[in-house]
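Here's the structure we're looking at; comments come further down.
Rule-based calculations on the coordinates, nothing more; no lab input. A quick note: this is a predicted structure, and the numbers were derived from the prediction, not measured. Note that we place each Cβ from the backbone using ideal geometry, even for glycine, and neighbour counts take in every protein chain shown.
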Amino acid sequence: MRRTIHSEHHFSDLTESLKNGFVLDDIVLALARAGKGESLNERERKLLKRAVSILESAEAGFHWLDKPELTSETNSSANFFARAVNALPSVYANDAFLESISNLKATATQLSSGAAVPVPEKIHLLQTFFYNTAQSELDRTEGLLSGEGSADILKWTVTDE
């Protein structure tokens, strides 16, 4: 029987990945309710404010490429950017990426404010983005559980506002 020893960073990464996965799942569920035309409660609007924050970090990560400094903030933003690129597989141009993120952010902002509800197609695009992001996080969690993950990869953390 082979025994795997994990560093404390490994367990920290696993905890972080699980936390992120739960938050992303909750965002997807809130968007599913919004997509059905149901009104969102305060908790769900708060989750969508976190979605806006995630999208803002993806934008910051895109701009990080212009001046790549490594700090904890830029590390997180660069990783959000990488996740966003993977969550938008049909976007290949820089301008299209920024436009897509901006459109998604506008939809999330509108939903989080409780203002007029965006058209269902926009909600669906936002839900698909966060579903893809959640799938990516699930893959990361599974890798960490199987011992394939590493603390050396860029970390991605959903931040509280």
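Peptides 132-140, 96-104, ordered by how many other C-beta atoms sit within 10 Å of their residues on average, highest first, read 132-140, 96-104. Highest average first, the peptides 115-126, 40-51, 78-89 ordered by how many other beta carbon atoms sit within 10 Å of their residues are 78-89, 40-51, 115-126. The phi torsions of segment 41-57, fed into the Karplus equation with coefficients 6.51, -1.76 and 1.60 and a -60° offset, translate into couplings of 7, 4, 4, 5, 5, 5, 4, 6, 5, 5, 4, 4, 4, 4, 5, 5, 5 Hz, rounded to whole numbers, with Gly and Pro shown as x.
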